[in-house]
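Reading through the structure tokens given below for one structure.
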Amino acid sequence: MNRVVDSDVIDAVNQLFSFPENFEKLMFHPRSSDHTTNEIRSNSIPVDILDAPKDYVFYMDVPGLSKSEIQVTVEDENTLVIKSGGKRKREDGDEEGCKYIRLERKAPQKLIRKFRLPENANVSAITAKCENGVLTVVVGKHPPPPKPKTVEVTIS
């Protein structure tokens, strides 16, 4: 009987310590069923999500893509969508008759990531920048609702 209780306690403690990961999966669950077969699966594009006091910050590696090739939008009022057409311009030789003898660098494929934003995300306060192959998307937070005020009334 002690073993059953011990395993229940161990399971509860393990769930408690994995709470941040479970919370992140719940709040920022990518909708993987929303992409086509030509697009990169959501798990192949690394994304870091920072929960800061005033905003959520998404960091995504997008090597070889410029800011004009990336679209950041909001769908259904609470879904952050990051996508790219996946085309990269190859540098052509300046002189006539130049041709590539080897092409090893793959052009980026189409990519799409979707994140369901928490209720306190302010979708009208989203900014994005792309520098050195890293896309940074900042989603502001609404201020927390005021705490209910308790007033003590004296009874006469």
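A short reminder: the numbers here are calculations on the coordinates, not readings from a lab. Being a predicted model, the structure only gives us computed values, none of them experimental.
Counting only Cα atoms, I'd like the Rg/Rh figure for the stretch 100-156, Kirkwood definition for Rh.
Rounded to two decimals, Rg/Rh equals 1.42.
Need the full-extension length gain, ALA52 to ILE155, defined as separation in residues times 0.36 nm minus the C-alpha distance. One decimal, nm. List each step's numbers first, then the result.
Details: separation 103, 0.36 × 103 = 37.08 nm, distance 4.50 nm.
Here the segment from ALA52 to ILE155 would lengthen by 32.6 nm.
Using amide H atoms built in the peptide plane, which far-off residues or other-chain residues are under 5 Å from VAL62 H to H?
Result for VAL62 returns VAL134, LEU135.
Which of the pairs LYS114/LYS141; LYS114/LYS147; LYS110/LYS141; LYS67/LYS99 have their Cα atoms more than 25 Å apart in this structure?
Checking Cα-Cα distances, LYS114/LYS147; LYS110/LYS141; LYS67/LYS99 exceed 25 Å.
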